[in-house]
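Everything on this sheet refers to the single structure shown next.
The values are calculated or read from the model by the stated rules, or taken from the named source; none is laboratory data. Here the structure is a predicted model, which is why all the values come from computation and not from measurement. Methodologically, a virtual Cβ is constructed for each residue, glycine included, from the backbone with ideal geometry; neighbour enumeration extends over all protein chains shown. Please note that ligands, DNA and RNA were not included when accessible areas were found on the heavy atoms of the full protein model with its side chains. Shrake-Rupley method; radii C 1.70, N 1.55, O 1.52, S 1.80 Å.
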Amino acid sequence: MPDQPYEPIDCSLHDRLESAATLRQTIQIIYHDSDGTQHEIEDRLTDVFAKDGEEFAKTTGGNLIRLDRLVRVDGVDFT
């Protein structure tokens, strides 16, 4: 996954993330980091934002996750 150009995620999935951040829900998140290592966490999203043409989610635990690296969020597949 390193050096892969950003691929925007589906709008309905983006809406789910925005909703979880707004409602401050604790959710299960499975994602790959920039090296391709898979992580599974339970945390709350504090922000979903765009920077330099890429979109990210930030968690209360300090994780910064590029949205196209999400695998599954609260039982919903993002791949």
Inset, instruction - Please list the equivalent ellipsoid semi-axes of the chain, computed as the square roots of five times the alpha-carbon gyration tensor eigenvalues, in descending order and whole angstrom. - result: 18, 14, 12
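Of all trypsin sites (Lys or Arg not before Pro) in the chain, which ones are in loop regions per DSSP and have a Cβ with at most 11 other Cβ atoms within 10 Å?
Sites meeting the loop and neighbour criteria: 24.
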Inset, instruction - Return one whole number: the accessible area per residue of the chain in Å², for a 1.4 Å probe. - result: 63 Å²
Legend entry - Acute angle (nearest 10 degrees) that the helix 11-23 long axis makes with the longest principal axis of the chain, alpha-carbon atoms: 40 degrees
Inset, instruction - Would you mind working out the magnitude of the charge dipole of the chain relative to its Cα centre, with +1 at each Lys and Arg C-beta and -1 at each Asp and Glu C-beta, to the nearest 20 Debye? - result: 280 debye
Legend entry - Estimated distance in nm for a label pair at residue 72 and residue 47, the labels positioned 7 Å out from Cα along Cα-to-Cβ: 2.9 nm
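Given the rule -39500 (n - 2.57) for each run of at least 4 DSSP H residues, summed and divided by the residues of the chain, what is its mean residue ellipticity at 222 nm, to the nearest 500 deg cm²/dmol?
The helix-only estimate for the chain comes to -5000 deg cm²/dmol at 222 nm.
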Inset, instruction - Summarise the accessible area of the chain (1.4 Å probe, protein heavy atoms) by the percent that is carbon and sulfur. - result: 42 percent
Legend entry - Inter-site label distance for residue 79 and residue 19 at 7 Å from Cα along Cβ, in nm: 2.4 nm
Inset, instruction - Work from the charge dipole of the chain (Cβ charges, +1 for Lys and Arg, -1 for Asp and Glu, about the Cα centre) and give the residue of 37, 9, 19 farthest towards its positive end. - result: 19
